[in-house]
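Working notes, beginning with the structure itself.
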Amino acid sequence: MSVTEHRQQSPASVSVHVITVSDTRTLDTDASGRAIVELIEGAGHRVAGRTLLRDEADQVRAAVAELASQALVDVVITTGGTGITARDGTFEAVDGLLTKRLPGFGELFRMLSYQQIGAAAMLSRATAGLVGPTVVIVLPGSQHAARLALEELVLPEIGHLVREARR
């Protein structure tokens, strides 16, 4: 079956929970989370919830694991905590939960980022994979980076990702 046929058989609308990981933002000042919600809803998908967590790996891991265990959520998108500072722990928190990794996501994201910001793109630890049948996408906290990932990678394939993850 071709990719076109897969897309045709994919759900037109999926359920997404957005988690912002930040020690400094609030829901009111969270431009990245707000942008993700707007893009998801604008593409006809449903935002099942939005959570703000401090950059504490245990909290992030527990939240992602809990959401992945619920049949109400098809996709979990995190934003923030993917850099290399001492407080950035989202990558480690989520990577340990992944039952299948999608290394192509991070590779493509960094390639697209490189075209826009140059060599600094190597500092991003954006990643994606599955926790059971739930798609988990880990994005940087930059609003520009979140928009880039959603517009170029996530939204064109989100239904297809969910279809394949549920098979």
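Relative to the Cα centre, what is the charge dipole magnitude of the range 3-166, using +1 at the beta carbon of each Lys and Arg, -1 at the beta carbon of each Asp and Glu, and rounding to the nearest 20 debye?
Using only the charged Cβ atoms, the result is roughly 160 debye.
Nearest 500 deg cm²/dmol is fine: what mean residue ellipticity at 222 nm does the chain get from its DSSP H runs of n ≥ 4 alone, each adding -39,500 (n - 2.57), divided by its residue count?
-12500 deg cm²/dmol, from helical runs alone.
Residues in the range 142-157, backbone N under 14 Å from the label point at ALA120 (7 Å along the Cα-to-beta-carbon vector): list them, ranges by number please.
142-146
So what's the Cα pair-distance distribution over the range 78-167, bin width 5 Å, in %?
3, 15, 26, 26, 18, 9, 3, 0
With a cut-off of 8 Å between alpha carbons and a minimum separation of six or more residues, what is the relative contact order of the range 3-166 in percent?
Averaging sequence separation for qualifying contacts and normalising by length gives 29 percent for the range 3-166.
Mind telling me which of THR26, THR82, THR127 comes out most flexible in a GNM of the chain, alpha-carbon contacts under 10 Å?
THR26
Give me the extension gain from GLU56 to ARG167: residue separation times 0.36 nm, minus the current Cα-Cα distance, reported in nm with one decimal. Let's see the in-between values first.
Values: separation 111, 0.36 × 111 = 39.96 nm, distance 3.26 nm.
This chain segment gains 36.7 nm when fully extended.
Output the antiparallel fraction of DSSP beta bridges having both residues in the chain, as a percent to the nearest 5.
Around 30 percent of the beta bridges assigned by DSSP in the chain are antiparallel ones.
Readers should treat all values here as calculations from the given coordinates under stated rules, not as data from a laboratory. Since this is a predicted model, take the numbers as computed values, not measurements. All Cβ positions, even for glycine, are placed from backbone atoms using ideal geometry, and neighbour counts span all protein chains on display.
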